[in-house]
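The values are calculated or read from the model by the stated rules, or taken from the named source; none is laboratory data. Worth saying up front: this structure is predicted, and the values here are computed from it rather than measured. FYI the Cβ positions are ideal-geometry reconstructions off the backbone, even for glycines, and counts take in every protein chain you see. Ligands, DNA and RNA are stripped out before the accessible areas are found, and what is left, the full protein with its side chains, is counted by its heavy atoms. Shrake-Rupley method; radii C 1.70, N 1.55, O 1.52, S 1.80 Å.
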Amino acid sequence: MLASGTALAQEENYPRFTPTFVAEVDYRVHADDIEGHNGFNLARLRLGGRGQPVPWLVAVGTAEWAQEKPALLDAYVDLLVIDGLRFSVGYAKTPLFPAGRDQSIETLPIPELPLVTAAFWARRDLGAEVQWTPASLPLEGWLRLGNGSGSPLGNDNAQPSVDVRLDVRHSGVRVGAGAHVEDAFDRPGIGGRGAQNFLFYRPPPVSGYRTVTEAHGRLDAGPVRVDVQAAAAWEHRSRDTDGNPATPRESLPTMSSQGLGVEASWVIRGMPRKGARWPEPLAGVGSEGIPSGSLELAARVERLWLGRGAPDVVPGGTTAGALAFHWWVTRFLGFGVAGYVNHYDTPPVEMPTRDWSYLALLRTTVSLQ
């Protein structure tokens with residue numbers, strides 16, 4: 001009877017709805033006006049919600065408003081029918097790259113995605129996914145079948161994409177690897193994009209099979225977290241030489257790209273990072289007046305090698321570094337300052353004489369979800 005009463009009480013707590021509101025406002029200073037104009041910038045404005053009418057079903061919808069036209073970010077349904085298995089259908093993040101998939105972007109120690117993640121990650125796609133988290137094993141696995149087009153409206157050809165990822169976690173250590181395979185059709189290959197969203201390496205179109213692999217590791221040692229990620233990709237290319245889609249296309253040399261990054265963060269004051277949230281204040285801190293919050297320092301170094309292995313393609317890449325300091329005031333409010341520097345292997349086409357770049361920003365973040 002007690003169990004039945006508990007189950008009944010749990011059912012009475014539903015339906016649930018949690019609104020989502022994320023806003024980030026920057027003041028930015030760029031190395032050149034071509035990369036972006038100095039001044040205030042609305043980096044993010046996300047509105048949405050998470051509904052749970054019953055314990056075994058979750059529906060999520062989010063849109064991004066900080067651009068010329070509103071864009072759909074998330075539109076999916078999770079089914080939690082079997083312990084240890086989560087089934088998902090809809091438009092959502094693809095499994096690879098923990099910095100992109102596992103972490104909400106506004107909670108990162110260094111604002112914006114690492115260059116390796118930004119270059120190689122497939123971001124969001126429309127499809128179906130299963131996540132396996134067995135209670136008896138320190139494992140976590142993902143398998144996703146998607147459109148591969150990155151669009152919520154449909155595919156750009158008849159071939160699906162496949163993503164697989166497997167992680168092992170134990171005593172503050174997580175290591176894992178994954179792969180993304182798809183058949184692309186005349187789409188831009190892997191390019192280089194900075195934290196200010198400037199495309200410093202413009203890749204040629206790719207057509208045919210694309211394979212992206214990644215490996216990652218994380219160490220949590222009290223207030224210190226160290227993240228390592230590596231990626232490699234192979235992209236086939238071809239072109240139509242006669243304008244007739246019924247005739248075979250001419251094959252072009254396969255293009256390869258690689259990336260490697262290391263990031264370390266230190267929570268100087270506050271609780272160590274847990275899950276996908278930013279650091280929480282210590283218990284009892286900030287009970288009077290303005291909360292003292294948590295303080296965090298982070299640094300990152302990265303290397304990208306792009307457009308390699310094809311004699312007809314000009315290669316590119318960058319050696320990059322970033323440094324950031326955050327004051328996480330409360331669970332929903334944060335202030336940060338960050339600096340980025342890039343040394344390009346090949347100057348961008350818009351700036352043929354410049355191979356160095358920098359960005360400095362001040363950021364205010366509000367996250368209610």
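Here are some notes:
- Carbon + sulfur, % of accessible area of region 328-369 - ligands and nucleic acids excluded, 1.4 Å: 68
- For region 192-235, the share of accessible area belonging to carbon and sulfur comes to 64 percent (1.4 Å probe, ligands and nucleic acids excluded).
- Diffusion coefficient (Stokes-Einstein, Kirkwood radius over C-alpha pairs, 37 °C, 0.692 mPa s) for the chain: 147 µm²/s, rounded to a whole number.
- The charge dipole of the chain, taken about its Cα centre with unit charges on the Cβ of Lys, Arg, Asp and Glu (plus for the first two, minus for the last two), comes to roughly 580 debye.
- Label point of residue 71 set 7 angstrom out along Cα-Cβ; within region 39-55, amide nitrogens under 13 Å from it belong to 43-46.
- Shape class for region 27-143: prolate, because the ratio a/c of the largest to smallest gyration tensor axis (alpha-carbon atoms, square roots of eigenvalues) is 1.5 or more and a/b beats b/c.
- Translational diffusion coefficient (Stokes-Einstein; Kirkwood radius from C-alpha pairs) of region 232-353 at 25 °C, 0.890 mPa s, in µm²/s: 132
- Table column - 3J(HN,Hα) (Hz), region 316-330, Karplus curve with 6.51, -1.76, 1.60, x for Gly and Pro: x, x, 7, 10, 10, x, 8, 9, 9, 9, 10, 10, 8, 5, 9
- Placing a label point 7 Å from the Cα of residue 209 along the Cα-to-Cβ direction, the residues of region 237-260 with a backbone N closer than 17 Å are 237-238, 251-257.
- Within region 303-369: Cβ-based charge dipole about Cα centre, in debye rounded to nearest 20 (Lys, Arg +1; Asp, Glu -1): 340
- Additional length obtainable on full extension of the chain from residue 89 to residue 335, 0.36 nm per residue less Cα span: 85.0 nm
- Rolling a 1.4 angstrom probe over the protein heavy atoms with all chains in place gives the chain an accessible area of 49 Å² per residue.
- Protection proxy ranking of 47-56, 65-74, by the mean of other Cβ atoms within 10 Å over each peptide's residues and highest first, is 47-56, 65-74.
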